[in-house]
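The values are calculated or read from the model by the stated rules, or taken from the named source; none is laboratory data. Source: prediction; values computed, not measured. Backbone-built Cβ (ideal geometry, glycine too); neighbour counts: all protein chains shown. To get the accessible areas, we keep the full protein, side chains included, count just its heavy atoms, and leave off ligands, DNA and RNA. Shrake-Rupley method; radii C 1.70, N 1.55, O 1.52, S 1.80 Å.
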Amino acid sequence: MPSSPHTAVVLMNLGGPASLDDVEPFLYNIFSDSDVIQLPLGFLWQKRFARKVARSRAPESREIYARIGGRSTIVEDTEAQGRALEQALGPGYRTYVAMRAWKPSTEETVERLVAAGATGVVALPMYPQRSRSTSGSSMRELRRVLKKRAPGLPLHEVCCFPETPGFLDGWAAAVREALSQIPEERRAAARVLFSAHGLPQKLIDSGDPYLRHVQATVRGVMARLPDGLPHVLAFQSRATRARWLEPATEDALESLAKEGVKDVIVVPIAFVTEHVETLYELDMLLREPAIAAGIEGYHRVRTPGASEALIGSLAERVRAARDAGADPLCSRPDGVACPIVR
Ligand SMILES: C=CC1=C(C)c2cc3[nH]c(cc4nc(cc5[nH]c(cc1n2)c(C)c5CCC(=O)O)C(CCC(=O)O)=C4C)c(C)c3C=C
Ligand SMILES: [Fe+2]
Ligand SMILES: [Fe+2]
């Protein structure tokens, strides 16, 4: 594309391996990030730790990625969201993708947007709920690279979108659709199970806003659904031995089965694209035992992807962040919004 003045919107996510050979270096990148794993040991020790964990975890992780087609589709799905967002934003904007633990890296992306003539940057983390371990880390990396490579370029930040209307509307519509698939005589006894990505309890105790944001999303979705629909919130994908947020999604499913619940609508509310946590963990690993335990209808709702509801809402947030200079939601004093420290 020729060079011309524009606002560069950078969609930030984690990334994922493009082949089974990428799995170990991808894991290394995750575990060497001190915003993901906080070790009191310093840079070199963190790298040594990351090498060891990546090596020992890689065989199991490779098997998991093999089961979902040998690769992650998170990069291409984020690129599709970028194309849809560019359309929604119209002239004057171009979208880019930067992956914290894989390619394209933040450094590559900043090189591209500078070469293409960007006159400003809007950072858009594709994590609805803010956490130091996800959007915080991506934002920090973007600030670092911009400061080094293009220090004069204005940076505007969308911090998060836990309660953005299009995001909540999309989930509520998907739950309604799943409800309509359940035989009418069983519908009133169905449960909605919100499954958010977990986080170490220690991070939450240190002030991370993630749990408050997840709870705000749950409230916002439930407010759009029929009164009295029972729901639970649980947490998936525990990745370290430390204590993580509870209950775990597998335990919540087991409890529901024990209660005699027959239909569960599983809503992965911390994700906006499909990846290993949805395609493997929710659709294979947790589904099979849930069915064996007596849940007859395991209805997993799809993530929003490039849906009009989500993308239209994000376009508004991007414009507001650029025009206001900072994300207006971040200054809301209601306990749900930030201040974001990192
Ligand atoms: C809301 C989103 C996410 C949070 C919060 C999060 C925290 C978190 N994750 C790890 C460790 C791993 N994450 C891995 C993959 C992965 N994680 C997210 C999202 C969140 N992580 C995504 C989107 C993906 C990638 C998906 C893909 O398509 O590949 C992995 C690798 C996969 C595996 O082996 O399980 C690890 C490891 C920690 C430690 C953490 C919080 C501190
Ligand atoms: Fe993760
Ligand atoms: Fe915020």
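Below is a table of values for the structure above.
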item	result
Selection status of Pro165, without any contact (Cβ under 8 Å) to a residue 24 or more places away in the chain, surrounded by fewer than 17 Cβ atoms within 10 Å (Cβ to Cβ) and touching a helix residue (DSSP H, G or I) at 6+ places or on another chain (Cβ under 9 Å)	no
Residue satisfying all of: in segment 64-112; basic (Lys, Arg) and touching a Ser or Thr at 6+ places or on another chain (Cβ under 9 Å); surrounded by the most Cβ atoms within 10 Å (Cβ to Cβ) among these	Arg100
All positions within segment 144-162 that are open to solvent by 10 Å² or more (accessible area, probe 1.4 Å) and either within 16 Å of ligand 3 (Cβ to nearest atom) or not in a helix (DSSP H, G or I) (or both)	Ala150, Pro151, Gly152, Leu153, Pro154, Leu155, His156, Glu157
Residue match in segment 275-285 (condition: modelled with pLDDT of 95 or more and not in a helix (DSSP H, G or I))	no
Test for Asp33: is it assigned to a loop (DSSP other than H, G, I, E, B), within 16 Å of ligand 2 (Cβ to nearest atom) and either surrounded by 13 or more Cβ atoms within 10 Å (Cβ to Cβ) or over 18 Å from the mean Cα position of the chain (by Cα) (or both)	yes
Any chance Glu288 is in the same structural domain as Ala178 (by TED's automatic domain parsing) and closer than 30 Å to Gln87 by Cα	no
Residue match in segment 253-268 (condition: of a type in the set (Ser, Thr, Tyr), in contact with a helix residue (DSSP H, G or I) (Cβ under 6 Å, 6 or more places away or on another chain) and open to solvent by 10 Å² or more (accessible area, probe 1.4 Å))	no
All positions within segment 291-313 that are part of a loop (DSSP other than H, G, I, E, B), over 30 Å from Gly90 (Cβ atoms), of a type outside the set (Val, Ile, Thr) and open to solvent by less than 40 Å² (accessible area, probe 1.4 Å)	Gly294
Residue list for segment 6-46, filter: aliphatic (A, V, I, L, M), more than 9 Å from ligand 1 (Cβ to nearest atom) and more than 30 Å from Ala88 (Cβ to Cβ)	Leu20, Leu39, Leu41, Leu44
Some residue of segment 110-131 being within 16 Å of ligand 2 (Cβ to nearest atom) and not in a loop (DSSP other than H, G, I, E, B)	yes
Residue check for Ala270: within 16 Å of ligand 3 (Cβ to nearest atom) and outside any helix (DSSP H, G or I)	yes
